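No value in this document is a laboratory result; all are computed from the given coordinates. Fair warning: this is a prediction, and the values are worked out from it, not measured in the lab. Using ideal geometry, Cβ is built from the backbone for each residue, glycine included, and neighbour counts are taken over all protein chains shown.
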Amino acid sequence: MVLIPLACVPPEDDVEDVISYSRETTMGQLQREGEMTIALPDDLGPFSSLGEDGEPEGFVAELASEIVADLGIEATYVPASGEEALELVKEGEVDLAFPTLGITETLARQNTLSDPYWIAHKRLLVPAASAVESAADLEGDGEVCQYEEERTRTDIAELFSGIQRTDVSDFRQCGDELEDGATAATGPDIYLMVLADELDDYEIRGEQLSSAGYGAALPEDATDMRSFVNTVLTDLKSEGRWLTFYEEWLAPVAGRTDVSAPDLSLEEAATLWPRDL
């Protein structure tokens with residue numbers, strides 16, 4: 001697999017608070033090397049994408065940069081999401097990844113994952129002028145475009161028997177369906193936020209039809225690095241920086257006013273999906 005670096009980003013100039021880790025730890029090895037490689041999605045708009053200068057930007061990039069800064073090293077970012085990102089970790093091509101895969105018990109058992117940095121909720125994307133406020137409003141009225149991740153699939157047509165839905169394999173197909181007259185799109189909010197950001201006058205609405213956590217992935221033997229990443233995430237949440245990043249990148253399109261940083265552990269997030277579908 002060929003890796004195409006997105007950017008090499010140096011840490012902040014002020015490194016006086018950086019802890020030096022022992023040579024035997026994963027963090028110490030990275031500090032001796034002076035750099036790490038991180039895989040993150042490059043096509044998810046404000047959630048995770050490439051800026052005009054070719055450098056990663058968005059909510060996930062902010063979290064990744066905090067991890068790098070706490071090590072006091074540089075980072076090279078490569079584009080990858082989903083199963084591809086997990087494979088890069090397993091093959092030793094990257095030191096850390098942010099795969100767009102909802103945490104299940106199987107995923108957590110087979111991979112070294114951090115606690116959730118985001119809890120995605122399946123909701124609706126509708127035109128701003130639409131009267132639709134919940135999934136029940138769609139029963140018997142129009143066509144719904146549905147995009148789902150295979151491991152955490154929840155079929156809106158099984159939740160509401162009167163809904164007519166079309167499944168797509170690429171979430172951006174739902175953008176095309178909406179512009180062609182579909183009543184609504186549904187899927188995990190990280191994808192709906194991309195469409196809301198790219199399309200004119202669309203809003204995310206409705207109840208949470210399902211939920212799944214997203215965690216960072218690390219090499220199998222890097223359990224110490226997992227603890228380190230969890231500590232960084234915990235500090236971001238408790239100090240309010242997680243919410244600052246949310247407000248900057250996601251709040252304008254998220255359609256939520258009751259947001260708080262995830263407080264689930266990996267084990268708790270895995271129990272939301274006790275088996276793969």
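Results, tabulated for the structure shown:
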quantity: Separation between Cα centres of the range 68-103 and the range 195-229, rounded to whole Å; calculated: 14 Å
quantity: Antiparallel %, DSSP beta bridges [both residues in the chain], to 5; calculated: 60 percent
quantity: Taking the range 121-205 and dividing mean pair separation by its residue count, relative contact order in percent (alpha carbons under 8 Å, at least six apart); calculated: 46 percent
quantity: Ascending count of other beta-carbon atoms within 10 Å, so fewest first, for Arg256, Arg275; calculated: Arg275, Arg256
quantity: Rounded tilt (10° steps) of 223-238 against the dominant C-alpha axis of the chain; calculated: 60 degrees
quantity: C-alpha long axis of helix 189-198 to longest principal axis of the chain, angle in °; calculated: 80 degrees
quantity: Candidates Glu91, Glu267, Glu149, ranked by Gaussian network fluctuation over the chain, Cα under 10 Å, top entry; calculated: Glu91
quantity: Choice from Asp42, Asp115, Asp176 showing the highest fluctuation, given a GNM over the chain with Cα pairs closer than 10 Å; calculated: Asp176
quantity: Cα Rg, Dmax, the range 121-205, angstrom units; calculated: 11.3, 33
quantity: Likely footprinting exposure, Arg151, Arg226, Arg172, fewest C-beta neighbours within 10 Å first; calculated: Arg172, Arg151, Arg226
quantity: Length-normalised contact order for the chain - Cα pairs under 8 Å, 6+ apart - percent; calculated: 25 percent
quantity: Of Phe160, Phe59, Phe98, the one that fluctuates the most in a GNM where the chain has Cα springs shorter than 10 Å; calculated: Phe160
quantity: Principal axis dimensions, the chain - Cα atoms, whole angstrom, descending; calculated: 63, 39, 38
